Amino acid sequence: MFTTPTPTLIDDTLDRRTLPAAAAERLRELIIEGELPPGTRLNERALSERLGVSRTPLREAFRLLASESLVEIQPNRGARVAVLSEIDIRESFAVLGGLEALSGELACQHATEDEIAEIRALTFEMQACHARQNLPTYYRVNREIHNCINRAARNRLLEQVYSTLNQRVQNLRFRSNLNPDKWKKAMEEHIAMVDALSRRDGVELGRLMREHLQRKCEAVIEGLGKEHNHTQDPPVVPSTPIQDG
């Protein structure tokens, strides 16, 4: 599994009012990168010690992530990482693919040359991450590319709807790259995307982005099917502090 160290949140410059948001951001990354897979029960004591925060801001962080559909809060049972059914996954990726196709078409119309240059530079950076097999950093750059294209579309409602739905499947989009062949294919698709954007070919970019999301969906379904064959029980966060390494 690809893992990255998770520092504690205690910092003299950090306002206490920002602790829930900071804890939510740390947890979001752990969920996206698979350290807290779907179905994981979130042990408050273990996570409080790992993140260096008390339970009050941690519980608020759970509520923030619940509003993004990343966490489910169950009465008298605590919180767990949300689990999506196959139908949920297929429907989410179908809608997200349509939104990304539209953002690609509009970005070709409205993006500035500086924005296109930034997306091209990020694509080069992502290629370097792929060459080093650094999936966590690759994926963070990948997210920024998709967000840049979405912002370049100059449609605030599209950006809002896209952001809300995209949060729901971030961990699945990350997991779709765990297969080396599919990861290589995704990288090739991004090179084709930036080429279409540079030519301002909205029809082509829209098609590429829709198909990109469809392949992501199929990779996720395939990967979850293989995992299901190995275990029926969701993992549980241990009650002792989680050690990075």
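For this structure, a couple of remarks:
- Single unsatisfied condition, residue 80 versus (1) assigned to a helix (DSSP H, G or I); (2) modelled with pLDDT of 95 or more: (1)
- Residue pairs meeting the criteria (Cβ under 6 Å; at least 6 apart or on separate chains; first closer than 15 Å to residue 171 by Cα, in the stretch 126-151; second assigned to a helix (DSSP H, G or I) and acidic (Asp, Glu)): 141/125
- Of all the residues in the stretch 192-210, those that are open to solvent by less than 70 Å² (accessible area, probe 1.4 Å), in contact (Cβ under 8 Å) with a residue 40 or more places away in the chain and not hydroxyl-bearing (Ser, Thr, Tyr) number 10.
- Qualifying residue in the stretch 99-117 (condition: hydroxyl-bearing (Ser, Thr, Tyr) and in a loop (DSSP other than H, G, I, E, B)): yes
- Filtered by the rule that a residue be closer than 17 Å to residue 195 by Cβ and among the small types (Gly, Ala, Ser), the stretch 104-157 gives 104, 107, 111, 117, 121, 152.
- Criterion violated by residue 41 - all others in (1) farther than 30 Å from residue 193 by Cβ; (2) among the basic types (Lys, Arg); (3) surrounded by 20 or more Cβ atoms within 10 Å (Cβ to Cβ) satisfied: (3)
One line per residue, one yes/no per condition, for (1) part of a loop (DSSP other than H, G, I, E, B); (2) among the aliphatic types (A, V, I, L, M):
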residue	(1), (2)
19	no, yes
29	no, no
50	no, no
69	yes, no
72	no, no
76	yes, no
92	no, no
96	no, yes
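- Selection count, the stretch 104-159, where residues are among the small types (Gly, Ala, Ser) and touching a helix residue (DSSP H, G or I) at 6+ places or on another chain (Cβ under 7 Å): 5
- Taking the stretch 89-122 as the range and being open to solvent by less than 50 Å² (accessible area, probe 1.4 Å), under 21 Å from the mean Cα position of the chain (by Cα) and charged (D, E, K, R) as the test, only 100 passes.
- Members of the stretch 44-68 found to be in contact (Cβ under 8 Å) with a residue 60 or more places away in the chain and either at positive phi or open to solvent by 10 Å² or more (accessible area, probe 1.4 Å) (or both), listed by number: 45, 49, 50, 68
- Test: residue in the stretch 146-155 that is touching a Gly at 6+ places or on another chain (Cβ under 9 Å), open to solvent by less than 60 Å² (accessible area, probe 1.4 Å) and among the β-branched types (Val, Ile, Thr): yes
- Hits in the stretch 159-186 - residues which are more than 12 Å from the chain's Cα centre (by Cα) and open to solvent by 10 Å² or more (accessible area, probe 1.4 Å): 159, 160, 161, 178, 179, 180, 181, 182, 184, 185
The values are calculated or read from the model by the stated rules, or taken from the named source; none is laboratory data. In this text the structure is predicted, and so the values were computed from the model without any measurement. Using ideal geometry, Cβ is built from the backbone for each residue, glycine included, and neighbour counts are taken over all protein chains shown. The area values use the complete protein model at the heavy-atom level, side chains included, leaving out ligands, DNA and RNA. Shrake-Rupley method; radii C 1.70, N 1.55, O 1.52, S 1.80 Å.
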